[in-house]
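The values are calculated or read from the model by the stated rules, or taken from the named source; none is laboratory data. Note that the coordinates shown come from a computational prediction; the quantities given were computed from them, not determined experimentally. For neighbour counting, all protein chains shown are included, and Cβ atoms are generated from backbone atoms with ideal geometry for every residue, glycine included. Note: areas computed on protein heavy atoms with side chains; ligands, DNA, RNA excluded. Shrake-Rupley method; radii C 1.70, N 1.55, O 1.52, S 1.80 Å.
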Amino acid sequence: MIAVLKPNTTEKQLESLTAWLKAQNLDVHISKGHFQTVIGLIGDVAKVDADLLESLEMVESVKRISEPFKSANRKFHPDDTVVDLGSTSVGGSAFAIMAGPCSIESEEQLTDIAEKVKASGATVLRGGAFKPRTSPYDFQGLKNEGIELLLKAKKATGLPVVTEIMSPSHLDMFNDVDILQVGARNMQNFELLKELGKTKKPILLKRGLSATIKEFLMSAEYIMAGGNTNVILCERGIRSYDTYTRNVLDLSAVPVLYELTHLPVIVDPSHATGVARLVRPMALAAAACGAHGLMIEVHNDPINALCDGAQSLTPEQFDRVVKDVKKVIEVTR
Ligand code: PEP
Ligand code: MN
């Protein structure tokens, strides 16, 4: 349920209304937007007398939210959420470019790629340390050592970093990581989501391989229900019957999510297509349809990459993509 307040509501009125609602065992989420203040009520709202609430002097209207996702709902929070990363941000009018190798392989590999993607305009450095591989016999990542190399590259370049977390028991290793990624395969690992909800860390939540948009938003809700509202959604393609591309990039999810949620939405054309030459056209399309950013895999030696070489761009190809994406942004926003 949400209560939209009248524009001239004073702080004192807001405080007394909040206290009254909390006394009814409800959690209250206040969103002060450009034009309106919206109070979101969470908890057992069935017992709330909506007519009484609407009759109060400072209340303009009361609406029940029928969708099962509440905190992630745009009705609850009309303005875009902007996730602050210190030197940069994700969401709102900012356009984030996250780039780097699928897996961190060595210090030389990561430093070289990090410097090059930064020079091309990347705003966040990516690199996998814990890799969720389909086969247990494939390279599983450098784990803790990979995180240390990523933090070294962060220090050297000044770029915030994103890397995947697969287990809540690893949280201590991620203290200095700026964004914790939840991979597609873990989108419904609810115990992991609940633990991440207890932190204040920005979370990059990737859409599950066969997740509906509603399931995707319910996973975001798991994180937000714990109090962590710093969630970034990532469309990375879904399973379908066609095997020509690795996945099917559901670009319509971008404007649909924009309507449904205030959370930023970025697109990963690398995992969506699995083919390096398809990354540029889909990155341009993602920028054109309103994405708040991109995540792109870049490798300095794709042929010899330990993971996802076929979909990795060289730093030179990445440079061209960034230049073209910026042109699309210029003419579309
Ligand atoms: C990744 O970004 O490294 C990754 C494994 O992606 P996804 O979870 O989307 O497959
Ligand atoms: Mn990958």
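For every residue, the table says whether it meets (1) under 24 Å from D324 (Cα atoms); (2) out of contact with any strand residue (DSSP E or B) (no Cβ under 7 Å at 6 or more places or on another chain).
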position: I104; (1), (2): no, no
position: Q109; (1), (2): no, yes
position: D112; (1), (2): yes, yes
position: G121; (1), (2): yes, no
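Yes/no matrix, rows are residues, columns are (1) in contact with a helix residue (DSSP H, G or I) (Cβ under 6 Å, 6 or more places away or on another chain); (2) away from ligand 1 (no atom under 15 Å from the Cβ); (3) on the phi > 0 side of the Ramachandran plot:
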| site | (1), (2), (3) |
| --- | --- |
| S270 | yes, no, no |
| V279 | yes, no, no |
| L284 | yes, yes, no |
| A288 | yes, yes, no |
| E297 | yes, no, no |
| D301 | no, yes, no |
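Here's the yes/no breakdown for (1) at positive phi; (2) more than 16 Å from ligand 2 (Cβ to nearest atom); (3) not in a loop (DSSP other than H, G, I, E, B):
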position	(1), (2), (3)
R185	no, no, yes
L193	no, yes, yes
L209	no, no, no
Y244	no, yes, no
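Aliphatic (A, V, I, L, M) and closer than 15 Å to V90 by Cα: is that true of M282 in this structure? No; evaluated as a whole, the condition is false for this residue. Note on the stretch 132-149: among residues that are within 15 Å of ligand 2 (Cβ to nearest atom) and open to solvent by less than 20 Å² (accessible area, probe 1.4 Å), the one that is farthest from D84 (Cα to Cα) is G141. Just the residues that are among the polar types (S, T, N, Q), part of a helix (DSSP H, G or I) and within 17 Å of L192 (Cβ to Cβ), please, taken from the stretch 146-177. If the condition is that a residue be among the polar types (S, T, N, Q), part of a helix (DSSP H, G or I) and within 17 Å of L192 (Cβ to Cβ), then S169 is the only one that fits. All of (1) free of Cβ contacts under 8 Å to residues at least 40 places away in the same chain; (2) part of a strand (DSSP E or B) hold for C234 with one exception: (1). The requirement of being within 18 Å of M224 (Cβ to Cβ), open to solvent by 60 Å² or more (accessible area, probe 1.4 Å) and under 24 Å from the mean Cα position of the chain (by Cα) is not satisfied by D79.
For first residues located in the stretch 237-256 and free of Cβ contacts under 8 Å to residues at least 12 places away in the same chain, partners that are polar (S, T, N, Q) and lie 6+ apart or on another chain with Cβ distances below 6 Å do not occur.
Scanning the stretch 274-285 for residues that are within 15 Å of F318 (Cβ to Cβ) and either among the small types (G, A, S) or in contact with a strand residue (DSSP E or B) (Cβ under 9 Å, 6 or more places away or on another chain) (or both) yields A276, V279, R280, M282, A283.
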